[in-house]
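Where a number appears in this text, it was derived from the coordinates with a stated rule and is not lab data. None of the values given here were measured: they were computed from a predicted structure. Virtual Cβ from ideal backbone geometry, glycine too; neighbours counted across all protein chains shown.
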Amino acid sequence: MRASATSAALDGHQRYLAGGFNCQTMPDVVRAIAGHDPIAALRAYPGMVWLVNGDRDPFRAAEPTFLAACRDGRVVRLPRAGHITALANPDRLARLLEDAALEIEARNGRVGYLNPQDRAPGR
């Protein structure tokens, strides 16, 4: 099982690296991020927020601060996942997004709006 997980992780990294890197955009990205206040944005947002982090993500140290800023927030931790979960396991992310959509439907009394053909793989 361990060899299988390692093989899958290496495959994900190889696919990521095959896409190439473009460092020319980095200054623009850094400027945009530097001017953003995620805590203020979370405080201002009235809707449901899921803070999705891999349990091996080194950037989740401020997780309690982010959660406290949410009006309607929850932390979802993904076992054996790092920071770039969407690239490493897009099917897992698709299932999480589907779960969030289903919860929103249930809260709004509109169950059944998510079409079966739009469901994540394995559902």
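Of note:
- Built amide H within the under 5 Å cut-off of Gly54, gap 5+: Leu78
- With a cut-off of 11 Å between beta carbons, the residues surrounding Val49 carry a summed charge of +2, where Lys and Arg count +1 and Asp and Glu -1.
- Phi angles across the range 32-42 convert, under the Karplus curve 6.51 cos²θ - 1.76 cosθ + 1.60 with θ = phi - 60°, into 3J(HN,Hα) values of 5, 5, 4, x, 9, 10, x, 5, 5, 5, 5 Hz, Gly and Pro given as x.
- Radius 13 Å from Cβ of Glu103, net charge of other residues (Lys, Arg +1; Asp, Glu -1): 0
- The range 44-57 - phi-based ³J(HN,Hα) in whole Hz, Karplus 6.51/-1.76/1.60, Gly and Pro as x: 7, 7, x, x, 6, 10, 10, 8, 9, 9, x, 5, 9, 6
- Annotation: amide H-H contacts under 5 Å for Gly73 (H modelled 1.01 Å from N, sequence separation of 5 or more, or interchain): Val49.
- For the peptides 82-91, 24-33, residues were scored by their other Cβ atoms within 10 Å and the scores averaged per peptide; the highest-first order is 82-91, 24-33.
- Sequence-ordered 3J(HN,Hα) estimates for the range 83-93 from the Karplus curve with 6.51, -1.76 and 1.60 and θ = phi - 60° stand at 7, 9, 4, 4, 7, 6, 8, x, 5, 5, 5 Hz, glycine and proline given as x.
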